[in-house]
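Each remark here refers to the structure printed beneath this line.
The values are calculated or read from the model by the stated rules, or taken from the named source; none is laboratory data. The structure presented is a predicted model; accordingly, all values stated were derived computationally and were not measured. With ideal geometry, Cβ positions are generated from the backbone for all residues, glycine too; neighbour counts draw on all protein chains shown.
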Amino acid sequence: MSTTARVEVARERPGLNISMGEGPAPVVSDVWTLGGWTIQFVRLGPGQGFELAQAKGTVYVKVVAGRLAEPDRSAYAAPKVVRDTIVVAGHVEAGPQGALFTVFTATPAVASRVTSMSQLRFGGPHADALRWQTFEDRFKAVTPYFDGLDAHLAPGFHLLDADGAEIAHVFVWTAGKGVDLSTHNHGRAPGPTSPAFAEVHWVIHNGTGSGGMYETAEPGAPTRDRYPMQRGEEHGPFFEFDRDTGAPRLRDNGAVAYPWHGWEAGTDDAEGQAYDVVAAFEITAPFARVVA
């Protein structure tokens, strides 16, 4: 038997709170849908297993905390390495410390390209709290950078431990052809509703096939090291971390230390829009560990 995670609309910030740490494992969340995809969160105790619904589509598993033993997978790939997260077996099994993970399933209803935001309606409990807004509207009080850009984001899911602390904020954003979602380094000091985090991205759709992460020396630098990513892939840390403990390195103001980096969508000669659709996993510093 499994415990169903309690879910409620967050009061102190946009999105949904999902209490993944409450109750005995295994703990499973409700299922949300997005453009033919299903999204579910699962916590397993040491050695516990979870059956995957392979008959429903192509299954991908993104580890958030802890480790899976079958398949052998932790929360982060090697630094700046892109890896696939597909699982073809009928089940997964947690390692000796347990695991918290996300199951993404691409059902036959998933489109090959997302050409309109109307294809990306969320379904599931409290789906109204996951309404899309443009980057421009979300950040207009902070910066004019996103004005006019065809880019959107939804508030997402706050995965909480037994004490109510945030383990990770998982949310989805989109970038239209050629959109650069800014060169940034997450250098602002964390606050009560914006904890320091060690992020990783997981790709739902790559609109043109050439979008991806990049690292650069500074904003406006003439060169970028690019890391294209395809459906079902995630990247390893861009942030700095202690090689002995795996813990993220913090700046003097408490933020996690990152180089200048960002996401830039690709372009092609096809008519119409083709969005990159990406899930951001902002794993909070106390729960983020980079292990081999």
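Things worth noting here:
- Per the conditions (1) among the small types (G, A, S); (2) touching a Phe, Trp or Tyr at 6+ places or on another chain (Cβ under 9 Å); (3) under 29 Å from V59 (Cβ atoms), the sole criterion not satisfied by S182 is (3).
- Residue match in the range 112-119 (condition: under 28 Å from N206 (Cα atoms), aliphatic (A, V, I, L, M) and not in a strand (DSSP E or B)): yes
- Qualifying residue in the range 132-152 (condition: of a type outside the set (A, V, I, L, M, F, W, C), surrounded by fewer than 14 Cβ atoms within 10 Å (Cβ to Cβ), assigned by TED's automatic domain parsing to the domain that holds Y275 and in contact (Cβ under 8 Å) with a residue 60 or more places away in the chain): no
- Residue in the range 197-220 that is of a type in the set (A, V, I, L, M), out of contact with any strand residue (DSSP E or B) (no Cβ under 7 Å at 6 or more places or on another chain) and under 22 Å from F146 (Cα atoms) present: no
- The residues of the range 214-237 that are surrounded by 14 or more Cβ atoms within 10 Å (Cβ to Cβ), of a type in the set (D, E) and in contact with a Ser or Thr (Cβ under 8 Å, 6 or more places away or on another chain), listed by number, are E233, E234.
Conditions (1) within 19 Å of the chain's Cα centre (by Cα); (2) surrounded by fewer than 17 Cβ atoms within 10 Å (Cβ to Cβ), marked per residue:
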residue	(1), (2)
P96	no, yes
L100	yes, no
A109	no, yes
A127	yes, yes
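- Counted residues, the range 155-170 - those being under 19 Å from the mean Cα position of the chain (by Cα) and surrounded by fewer than 20 Cβ atoms within 10 Å (Cβ to Cβ): 2
- Of the residues making up the range 103-144, those that are in contact with a Pro (Cβ under 9 Å, 6 or more places away or on another chain) and among the small types (G, A, S) number 1.
- Any hit, the range 142-155, residues being outside any strand (DSSP E or B), within 28 Å of Q119 (Cβ to Cβ) and touching a Ser or Thr at 6+ places or on another chain (Cβ under 6 Å): yes
- The numbered conditions (1) more than 16 Å from the chain's Cα centre (by Cα); (2) surrounded by 13 or more Cβ atoms within 10 Å (Cβ to Cβ); (3) within 22 Å of A75 (Cβ to Cβ) are all true for A280 except (1).
- Residue in the range 50-73 that is buried (at least 17 other Cβ atoms within 10 Å of the Cβ), over 19 Å from I204 (Cα atoms) and either among the aromatic types (F, W, Y) or at pLDDT below 95 (or both) present: yes
- Inside the range 171-193, residues that are more than 17 Å from Q133 (Cβ to Cβ) and in a strand (DSSP E or B) make up a count of 3.
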